[in-house]
Structure formats: C-alpha cells, structure tokens
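The values are calculated or read from the model by the stated rules, or taken from the named source; none is laboratory data. Note that the coordinates shown come from a computational prediction; the quantities given were computed from them, not determined experimentally. Neighbour counts run over all protein chains shown; Cβ positions are idealised from the backbone, glycine included. For accessibility, only protein heavy atoms count, side chains too; no ligands or nucleic acids. Shrake-Rupley method; radii C 1.70, N 1.55, O 1.52, S 1.80 Å.
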Amino acid sequence: MNYLLGFFRKTLDQDELTKVALIGVGNLGTAFLNYNFLKNNNTKIEVAFDVDESKVGTKIGDVPVHHMDDLEEVIINNNIQVAILTVPAPPAQAITDRMVNAKIKGILNFTPARLTVPASIRIHHIDLAVELQSLVYFLKNYPEEM
C-alpha cells in the first residue's frame with residue numbers, strides 16, 4: 001500500500017482531499033473499498049462502479065456503488081480526478097476512454113491490459129505477478145547482511 005500512497009502523493013497536490021473512483025468491485029476492488037486509505041486522510045475512495053446488479057445501489061466500506069452506465073456523470077459531478085481500475089482486461093480500454101472523456105487525470109491500472117491514454121493523463125500499470133517476482137528476486141539475490 002505504500003506504493004499506492006506514494007502514487008497519489010506524486011500525482012496530485014495532497015494539501016486537499018483527493019477523491020478517487022474505483023472501477024470494478026470484484027475481489028481486489030472490494031479489498032480497496034474496505035481499506036480505503038485510512039492512514040492517509042487526504043486520499044479517499046469516494047465512489048465505486050460495477051455492472052453487477054447485486055452490488056449496484058449498495059455501499060461497501062461506506063462507499064456507494066454506482067452502475068457503470070453512470071460513470072461519466074458521477075465522476076464529473078463529484079470532481080473525481082483519480083481512478084483505480086480493477087476490471088477484466090477485455091473492457092478495460094473502453095472504460096478508460098470513458099474516464100478520459102470524464103476528465104480523469106490519473107489512473108492506477110491493475111488490469112493486465114496496457115491502456116492507451118492521452119499524454120496529459122498519468123497512468124501507472126501494476127502487475128502483481130511482476131511485483132511478486134521482483135520481491136522474490138531481491139530476497140534471493142540481495143540477502144540482508146548480518
């Protein structure tokens with residue numbers, strides 16, 4: 001989570017609240033909603049989006065879940081500037097295009113898709129498998145000196 005907090009600090013001025021949208025309320029998305037950056041009072045997941053009718057209209061970790069059909073309207077009306085994308089790969093680019101139209105400034109991409117955005121938008125791709133492999137590599141090759 002330290003990496004995520006660093007991403008938000010670098011992406012936006014942290015003197016004011018940064019409102020975040022979470023796109024995709026599956027296992028990973030639900031974990032983010034329940035955590036919701038409690039240690040960093042300047043970053044808050046404000047809204048979430050999904051297509052699952054059983055989740056739409058509910059709250060998870062006090063965050064309201066909206067239908068994907070309302071993405072642009074809710075993002076614009078709530079002045080959301082950053083999004084966390086945790087959807088399956090196939091719809092990821094189309095959803096990203098919609099976020100671009102809604103004036104999102106930064107995207108943290110947890111999908112395997114490599115997304116295309118205008119140069120004015122900051123995007124960070126997070127591949128958990130690569131991060132884990134990197135950790136294992138450093139543990140094996142740079143053991144702590146005793």
query: ASP15: modelled with pLDDT of 95 or more and of a type outside the set (A, V, I, L, M), yes or no?
result: no
Those residues of segment 104-145 that are open to solvent by 90 Å² or more (accessible area, probe 1.4 Å), under 25 Å from THR30 (Cα atoms) and at pLDDT 95 or above come to a total of 2
- Considering every residue within segment 71-91, establish whether at least one is closer than 12 Å to VAL20 by Cα, more than 15 Å from the chain's Cα centre (by Cα) and not hydrophobic (A, V, I, L, M, F, W, C). yes
Log entry, pairs with first residue in segment 102-116 being free of Cβ contacts under 8 Å to residues at least 24 places away in the same chain, second being surrounded by fewer than 20 Cβ atoms within 10 Å (Cβ to Cβ) and in a loop (DSSP other than H, G, I, E, B), beta carbons closer than 8 Å, six or more apart or on different chains, reads PRO112/ASP127
Review point. Is it the case that ILE95 is within 15 Å of the chain's Cα centre (by Cα) and of a type in the set (A, V, I, L, M)?
Key: yes
Over segment 114-134, the set of residues part of a loop (DSSP other than H, G, I, E, B), within 17 Å of GLN93 (Cβ to Cβ) and of a type outside the set (Lys, Arg) is LEU115, THR116, VAL117, PRO118, ALA119, ILE121, ILE126, ASP127
- Message: Any residue that is of a type in the set (Gly, Ala, Ser), open to solvent by less than 100 Å² (accessible area, probe 1.4 Å), modelled with pLDDT of 95 or more and not in a loop (DSSP other than H, G, I, E, B) - is there at least one of those in segment 36-51?
- Response: yes
By residue number, the members of segment 54-74 that are touching a Lys or Arg at 6+ places or on another chain (Cβ under 9 Å), open to solvent by less than 40 Å² (accessible area, probe 1.4 Å) and either of a type in the set (D, E, K, R) or assigned to a helix (DSSP H, G or I) (or both) are MET68, LEU71
The residue that is farthest from MET99 (Cα to Cα), considering only those in segment 15-34 that are open to solvent by less than 60 Å² (accessible area, probe 1.4 Å) and not in a strand (DSSP E or B), is ALA31
